[in-house]
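Q: I'd like to ask some things about the structure below.
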Ligand code: GTP
Ligand code: SPV
Ligand code: MN
């Protein structure tokens, strides 16, 4: 490691093979450029080892970045409290800096690349003085898989380093995969001074480069995740004929051992982690679910003509509130140890706590220290003790429901893709698309209420096509066209479905959700195999009465029927809302989707 001599900005000494662990010239040059600009006191190349982890943790405990939790109730786990102004993704400060504004499209913020770089250069100038610059080589995807891709994140945040070590295959393995001339996606990140006015999450799709300033929060700062694996990767996928999607991946096994692999796109904080880790109430009947991924899927057509998917991540960055033995026992067990908690509450004995943790039971503590560090009486009420977007970061290996196929080199063969949102009405519990283009139409018109995963107002219905509104790195109209085109090029395409676990009646959810969602998955499994009965509705096909597996379901058949209902009045309004949504895309709207709207209106009569 080299300490910079007074203000030297040219030819940093570490850029020689003796100080850098790699002979990759382009990588060494990128790191040298970052260092010359940011002027760190030290440069450290992460190797991903246990010893390195322990050293970083010790340093973070000493400087307060991490708070140790109770070694008995939360062994190997830590609490991180972020700056209260920095608790979620910032969509207004996220930019696609493509050369042409039109390539970013109407749903992305755009900055001209030169202008963005000028702005960023000013912000990054000397921003790492007094800090360490960490170089994080990482792999998205299984080590050695031909579907994996390498990224390099340069950051000044040890919290980011520790998180990336959980979320990706990080360190030496990545440098080995890169060799001396492999391709990588460069990313530069600094927390800066966490000034919300100077927060910029910028993507340069043509250069496959990410530059992020002023935030330490997950999706803004762990550059492998939304920035690379979705925004940059979606552009690579468009150019190369594959898909990078905001999707969970799960494996459903039937009593006869037959397996169905399902991908699911739900907007942020709308149930991907929960569905991926679902505990089947019909396990004793032979229906089980295993987890392949909980947030991102990269999919390509395989030699057999099916779509094959990998989970590019190695861990889970999941929503904490609401996680309990009743709702998501697999997540609860996943985070029993070795977890970084961000912005949860903590009891006096150092046990992490959050709203919903105790399920139906009451909170066992009289006092809790909230996510901002204030110790309060639990009975006093007020703001939530854990931030609504508090998160856990835990390794996939800790998940009891992890599928043995979760890191198969070639991925898993996808039989169904589902689109789900958080909607009070209109969208039934489950809906089968009539064909590929109708399914793309359903994906393109998804509506969902906003959540705490992004800054801004929550609970507002918005169109979030394919759950990719904040994550598509190019023009959303072109993205729709890419999906339409893929339908024609996949010889054995998956079946497409919509789901809605969140439909309400008298302010209450109609459907119990969570484990019971397996009943919708079982119907899909049957439909894929040409079985299971369906009712043709104007919106698509729904389960015919009696064709959903109802054993042990604690609600009446009438209530299920109301959850499944397609209400014509609601769908007339929906068609109008879709027309308004489509108008945003102008002549970039694929004609196939306009035609689907016409067909929907015709079916409505
Ligand atoms: P991101 O990590 O932000 O992408 O979120 P996600 O899509 O993985 O959402 P997650 O599974 O973490 O769920 C978010 C919230 O929705 C949690 O508070 C869950 O308890 C709740 N939730 C998940 N599934 C269901 C369901 O079937 N019914 C109901 N009522 N709530 C659910
Ligand atoms: C989401 O918001 O969809 C998340 C969390 O999965 S983040 O990684 O911050 O994007
Ligand atoms: Mn997500």
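Q: Would you check which residues across region 308-337 are in a helix (DSSP H, G or I) and either within 8 Å of ligand 1 (Cβ to nearest atom) or crowded, with 24+ Cβ neighbours inside 10 Å (or both) and list them? Spell out how you get there, then give the answer.
A: To start, the set of residues in region 308-337 that are in a helix (DSSP H, G or I) comprises 329-334.
Correct list: 331, 334.
Q: Can you tell me which residue in region 509-562 is modelled with the lowest pLDDT, limited to those that are at positive phi and in a loop (DSSP other than H, G, I, E, B)? Working first, answer last.
A: Just the residues of region 509-562 that are at positive phi, to begin with: 513-514, 530, 532, 540, 546, 552.
Next cut, in a loop (DSSP other than H, G, I, E, B) only: 513, 530, 532, 546, 552.
Working: 513: 97, 530: 96, 532: 93, 546: 89, 552: 96.
Among residues in region 509-562 that are at positive phi and in a loop (DSSP other than H, G, I, E, B), the one modelled with the lowest pLDDT is 546.
Q: With (1) within 16 Å of ligand 1 (Cβ to nearest atom); (2) in contact (Cβ under 8 Å) with a residue 40 or more places away in the chain; (3) more than 16 Å from residue 80 (Cα to Cα); (4) in a loop (DSSP other than H, G, I, E, B) as the list, and residue 305 as the residue in question, which single condition is left unmet?
A: It fails just one condition, (1).
Q: Does residue 341 fit the bill of being within 16 Å of ligand 1 (Cβ to nearest atom), surrounded by fewer than 24 Cβ atoms within 10 Å (Cβ to Cβ) and in a strand (DSSP E or B)?
A: Details: within 16 Å of ligand 1 (Cβ to nearest atom): yes; surrounded by fewer than 24 Cβ atoms within 10 Å (Cβ to Cβ): no; in a strand (DSSP E or B): yes.
For residue 341, the condition - within 16 Å of ligand 1 (Cβ to nearest atom), surrounded by fewer than 24 Cβ atoms within 10 Å (Cβ to Cβ) and in a strand (DSSP E or B) - is not met.
Q: Let me ask something additional. Based on this model, can you work out whether residue 171 counts as under 24 Å from residue 39 (Cα atoms) and crowded, with 22+ Cβ neighbours inside 10 Å? Steps first, please.
A: Values: under 24 Å from residue 39 (Cα atoms): yes; crowded, with 22+ Cβ neighbours inside 10 Å: yes.
Spelling it out, residue 171 is indeed under 24 Å from residue 39 (Cα atoms) and crowded, with 22+ Cβ neighbours inside 10 Å.
Q: Which of the residues spanning region 265-291 are in a strand (DSSP E or B) and within 16 Å of ligand 2 (Cβ to nearest atom)? Spell out how you get there, then give the answer.
A: First, pick out the residues of region 265-291 that are in a strand (DSSP E or B): 265, 288-291.
Matches in region 265-291: 265, 291.
Q: Still on this structure: Can you spot a residue in region 235-244 that is within 15 Å of ligand 3 (Cβ to nearest atom), out of contact with any helix residue (DSSP H, G or I) (no Cβ under 6 Å at 6 or more places or on another chain) and not in a helix (DSSP H, G or I)? So that I can check it myself, show each step before the final result.
A: First, pick out the residues of region 235-244 that are within 15 Å of ligand 3 (Cβ to nearest atom): 244.
Still in the list and also out of contact with any helix residue (DSSP H, G or I) (no Cβ under 6 Å at 6 or more places or on another chain): none.
No: region 235-244 contains no residue that is within 15 Å of ligand 3 (Cβ to nearest atom), out of contact with any helix residue (DSSP H, G or I) (no Cβ under 6 Å at 6 or more places or on another chain) and not in a helix (DSSP H, G or I).
Q: Those residues that are surrounded by fewer than 23 Cβ atoms within 10 Å (Cβ to Cβ) and either assigned to a loop (DSSP other than H, G, I, E, B) or modelled with pLDDT under 95 (or both), I need them from region 446-472; list them, please.
A: Listed by number, the residues that qualify are 450, 451, 452, 453, 455, 456, 457, 458, 459, 460, 469, 470.
Q: If the Cβ limit is 6 Å and pairs must be 6+ apart or interchain, which residue in region 17-30 that is within 17 Å of residue 42 (Cα to Cα) pairs with which residue that is in a helix (DSSP H, G or I) and at pLDDT 95 or above?
A: 20/28
Q: Which one of 230, 175, 249 is within 16 Å of ligand 1 (Cβ to nearest atom), in contact with a strand residue (DSSP E or B) (Cβ under 9 Å, 6 or more places away or on another chain) and outside any strand (DSSP E or B)? Lay out the reasoning, then the answer.
A: Numbers: 175 fails: within 16 Å of ligand 1 (Cβ to nearest atom); 249 fails: outside any strand (DSSP E or B).
Sole residue among the options that is within 16 Å of ligand 1 (Cβ to nearest atom), in contact with a strand residue (DSSP E or B) (Cβ under 9 Å, 6 or more places away or on another chain) and outside any strand (DSSP E or B): 230.
Q: Identify all residues within region 102-158 that are without any contact (Cβ under 8 Å) to a residue 60 or more places away in the chain, farther than 16 Å from residue 232 by Cα and in contact with a strand residue (DSSP E or B) (Cβ under 6 Å, 6 or more places away or on another chain); write none if there are none.
A: Matches in region 102-158: 143 only.
Q: Among 438, 405, 482, 387, which is the only one that is at pLDDT 95 or above, assigned to a loop (DSSP other than H, G, I, E, B), more than 18 Å from the chain's Cα centre (by Cα) and under 27 Å from residue 528 (Cβ atoms)? Even if it seems obvious, please write down each step before you answer.
A: Details: 438 fails: assigned to a loop (DSSP other than H, G, I, E, B); 482 fails: assigned to a loop (DSSP other than H, G, I, E, B); 387 fails: under 27 Å from residue 528 (Cβ atoms).
Unique residue meeting the criteria: 405.
Q: Evaluate the following for residue 350: is it over 18 Å from the mean Cα position of the chain (by Cα), at positive phi and outside any strand (DSSP E or B)? So that I can check it myself, show each step before the final result.
A: Values: over 18 Å from the mean Cα position of the chain (by Cα): yes; at positive phi: yes; outside any strand (DSSP E or B): yes.
The answer is yes for residue 350.
The values are calculated or read from the model by the stated rules, or taken from the named source; none is laboratory data. The model shown is predicted, which means the values in this text are computed figures rather than measured ones. Cβ coordinates were reconstructed from backbone atoms using ideal geometry, including for glycine residues, and neighbour counts include every protein chain displayed.
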